[in-house]
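Only the coordinates and a few stated rules stand behind these numbers; no lab work does. If you're wondering where the values come from, they're calculated on a predicted model, not measured in any experiment. Positions of Cβ are generated from backbone atoms using ideal geometry, with glycine treated the same way; all protein chains shown enter the neighbour counts.
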Amino acid sequence: MVENYKNSQSHSCFNSRRSIASAMLRYLPLLSQVIVLVLSASVTEQKEAPAKVPTCLDVDGYNVCHYKGVLVDVTQRRFEDRLEIGDLDLLAIREDAFKNLTATHLYLNQGNRISVLKRESFRGLPMLKWLHLDSNVVPLSGHLFAELGNLQSLSLVFNKINSIPADSFAGLSKLTWLYLGHNDIASVDADSFSYPNPELLFLWLNNNKITRIEPGAFASLTELNRLYLDHNKLQDLQAGVFQGLNKLEVLYLNDNQLTSVTRPLFRGLVDLKKLYLQHNEISTLEAGTFQELSQLEQLYLGKNKLSHIVVGAFAGILELQVLDLSDNNIHTADNVIFEGLTKLRLLKIDSNSTEKQIGDSSTTPATFTL
């Protein structure tokens, strides 16, 4: 009986093992899938990108952090009014990157290629007065700098800017200097400066590709003192272009392609003292052309295509002290054209064919100091 019991137990154990083995074989495909899933999850975890840890550096008392070309965080360690962030190859400034800084001067103009900016990119700079963004690729847009209510000087030279959208400088009520030279601006529209900038005194639009300026384009800049439009591609200027510039004292129109200037063009420029028209293609001057410019002291017309000066061309500009007519094709110029210019002290007529026809002597110099 004992022997039978042992055999029975042995048989039962064998059957149990066989059942387990059978079960394992039955679930083996499912088990293999589980193993594959576990291994896949492990590999995926290993392949996940590392945490986005920005690179931070100390810059004159500021902690400047950037990540993959984006300025992400700037905090202040000690009081410094000047912050220069250069040679980081920045492409963008994240919204709210600046953390309530006391900086008054911010330089981002060296070794960067910033092209992505939003209004919020400049939040956190309540005391900023000077912003330098030269040599980037900043596109203008409405209200872009509106967070910078204390800004006095904005420089955007060499940025490949091709247009000035409406309200680009909205909110800059204290702006005094605006540098937009050396860009690709093709036109100045009636709404380019439509938002009032009541303290703007100096505006640089030189060395662009401007061919057209709409009448009234500068009408809101009522305090403007100097306007630089030199080295552009202007061929013609309509009456009303300088409307509203009653306090303008210096106007640069040299190095363009102007073929003529007329009296209506200068209407309203009652305070203008210096007018630069050299290096154009002006061939004629009508009588009374400059008569609106009662305060004009210096007039530069050198290197044009003038061949004859009509009587009355300089009528009404009784304050004129310097007149440059050099490098033209003037054949005749009677002394009567200078009548009334009692304050004229310097007259330049060199490189003309009429040098010996002005004055009483054949040895009259080409440049007169009167």
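If the chain linking SER187 and LYS209 were pulled fully straight, counting 0.36 nm for each residue of separation and taking away their Cα-Cα distance, it would gain 7.1 nm.
Charging the Cβ of each Asp and Glu at -1 and of each Lys and Arg at +1, and nothing else, the dipole of the stretch 86-153 about its Cα centre rounds to 140 debye.
Ranking of LEU203, LEU154 by neighbouring Cβ atoms within 10 Å, starting from the fewest: LEU154, LEU203.
Taking amide hydrogens as placed 1.01 Å from N in the peptide plane, the amide H of PHE314 sits under 5 Å from those of GLY288, each at least 5 positions away in sequence or on another chain. The ranking of ARG77, ARG123 by Cβ neighbour count inside 10 Å, starting from the fewest, reads ARG77, ARG123. Simple point charges give the picture: +1 on the Cβ of Lys and Arg, -1 on the Cβ of Asp and Glu, and for the stretch 274-349 a dipole about the Cα centre of about 220 debye.
Put simply, when 270-277, 183-190 are sorted by average Cβ atoms within 10 angstrom per residue, most first, you get 270-277, 183-190. Exposure proxy shown here: for VAL64, VAL116, the number of other Cβ atoms within 10 Å sets the order, fewest to most, as VAL116, VAL64. Between the amide H of GLN76 and those of ASN63, distances stay under 5 Å, these residues lying 5 or more places away or on another chain, with hydrogens modeled in the peptide plane. Note on the stretch 61-189: Lys pairs 8 or more places apart or on different chains, Cα atoms under 24 Å apart, count 11.
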